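Scroll down for the structure; my scribbles are underneath it.
The values are calculated or read from the model by the stated rules, or taken from the named source; none is laboratory data. Being a predicted model, the structure only gives us computed values, none of them experimental. Ideal geometry is used to build each Cβ from the backbone, glycine not excepted, and the neighbour counts take in all protein chains shown. Keep in mind that these areas ignore ligands, DNA and RNA; they rest on the heavy atoms of the full protein, side chains included. Shrake-Rupley method; radii C 1.70, N 1.55, O 1.52, S 1.80 Å.
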Amino acid sequence: MRRRAMTESHPSSSDSNSRAMPFAVYSHVSTYRAAQLELQLYSPSLRVDTRGPLAVFNDHDKLSGKVVLDSLAHHTGRLVLTVEGCFSYPPLPGHSPYSEPRKHVFCTLSKAIDVSPPIPESRGFTFRDAFMMRRPSASYLNAQAVLTERTYPFELALPQGCRPGEELPPSFSSTSAEGNPFAASCEVSYKVVVAWYPETILQTPSHLEVPIVIQGDSDFESKDAGLGASGDSWVEMPLKTERPLPVKFAIALPTSVTFCRDSSIPYFVVFSTTPKAPLLSREIASDSTISIALIRQIAIQQPQSTFLLTPPPSPVKESPVRLLRRVGKSNPRLKRKRSEFEEEFAQKPLPDLPFQTCYSETKTVFSDFFIGFSKRPRHHCEPGSHPSLEAQTSLPDGLHKGKIPLHKDMLPCIDWAGVSVKYYLDVSVLNGIDDMRARIPVRIY
């Protein structure tokens with residue numbers, strides 16, 4: 001296969017089909033060749049890596065382009081275009097580390113195009129022409145195909161999630177997984193597959209696979225530490241303990257709880273005694289141990305191909321006399337209800353196949369611990385002014401301020417068709433025999 005990339009202001013529209021259909025127009029045209037066909041893919045941008053130039057799309061873009069068949073390709077057949085999203089994960093435990101990774105296809109879009117010879121223009125038609133009309137030969141049809149550009153435009157809209165937070169997973173490939181706790185040995189990849197199936201045994205089908213890149217919406221911005229200056233931008237979540245205590249612990253996070261991989265997760269751990277107890281506050285502030293951990297959970301689920309079916313119970317034998325009595329008491333109204341029930345049951349869709357978890361992983365990608373609460377919160381006042389007594393007593397007795405750095409090689413959160421990648425922030429405060437804990441889900445994109 002030979003591929004090249006070029007930049008144009010707009011795609012060529014020499015054929016009537018491309019002029020009639022208002023497909024999305026992008027500034028870059030990538031051209032890929034295989035036996036008997038050529039694929040031109042329009043994209044808003046390009047990315048160059050070891051595989052060459054790759055077309056880059058936003059998760060809300062449309063994949064558009066055209067397929068050009070060779071003049072030597074058969075005059076009839078079918079073109080099938082497929083966009084496939086694949087999640088690759090490590091091989092089974094015990095296998096060689098050089099084994100091929102396992103793959104789960106979570107997204108598939110297909111479009112079929114029937115290819116037929118062009119219809120000749122109508123001319124003067126007589127009865128003798130109709131009587132002498134014969135089926136055109138293959139050589140005639142191939143000659144007509146040479147004179148006409150065999151171009152077939154297409155457009156495919158990328159699927160969208162059903163709920164907010166279920167965006168199409170962006171392309172992901174960790175290049176520095178070794179020694180990096182943030183990196184994951186998983187990959188999210190996309191490709192466009194074009195297959196040509198001629199309606200003749202004299203020619204072999206043609207197949208072309210082209211990798212593409214899907215990226216998230218660049219206009220979306222996360223709320224990081226800089227937006228937490230005002231009290232309305234933070235939310236407190238309590239830490240739970242097994243027994244009631246005269247002290248309350250909580251963790252404060254930005255309200256969105258959504259973070260970019262190039263940013264960090266700011267947080268505050270606070271405590272307050274109820275009622276206020278200065279001696280107990282000093283003891284907790286000096287002797288407590290604060291633990292912070294960022295947990296990643298990956299789960300792959302696939303439909304069960306085979307599952308056990310319990311055989312139906314054997315029918316109970318019934319005497320002929322009792323059976324005749326039951327038939328004799330049959331009611332036409334009951335028969336009608338039964339037929340309506342059967343019709344309604346036949347129109348119901350089949351239930352979904354049960355899913356089974358074929359891969360799961362839970363990993364701590366970041367952890368840290370601290371001794372004591374190093375700070376006591378204070379109100380920021382104008383020079384010469386003092387906070388009110390009510391505002392002063394509402395402040396926590398102790399505060400720990402921290403920040404969890406993230407990394408570009410982190411696998412983003414995914415919730416799509418059997419692929420689940422989730423992150424949790426585990427917080428623990430240990431004071432004597434009491435352990436206060438909380439687990440907060442966070443979104444990383």
Where does each of 270-277, 411-418, 151-158, 48-55 land if you order them by average Cβ count within 10 Å, highest first? 411-418, 151-158, 270-277, 48-55
Length gained when the stretch residue 279-residue 48 is fully extended (0.36 nm per residue, less Cα-Cα span): 76.9 nm
One finds, for residue 103 and residue 286 with R0 = 41 angstrom and r their Cβ-Cβ distance, a FRET efficiency to the nearest 0.05 of 0.20
Cα-Cα over 32 Å: which of 401/422; 62/403; 103/240; 111/408; 66/422? 62/403; 103/240; 111/408; 66/422
Extension reserve of the residue 92-residue 415 stretch, reckoned as 0.36 nm per residue once the Cα distance is removed: 114.0 nm
As an exercise, use a Förster radius of 35 Å and the Cβ-Cβ distance of residue 357 and residue 155 to find the FRET efficiency, rounded to the nearest 0.05. 0.45
Roughly to the nearest percent, how much of the accessible area of region 46-87 is carbon and sulfur, given a 1.4 Å probe? 52
Starting from the Cα gyration tensor of region 56-101, take the square roots of the eigenvalues, sort them a ≥ b ≥ c, and report rounded, prolate or oblate (rounded when a/c is under 1.5, otherwise prolate if a/b is larger than b/c, else oblate). oblate
Order by protection proxy (mean Cβ within 10 Å, highest first), peptides 189-196, 403-410: 189-196, 403-410
May I ask you to derive the FRET efficiency for residue 302 and residue 112 from their Cβ-Cβ distance with R0 = 35 Å, giving the value to the nearest 0.05? 0.85
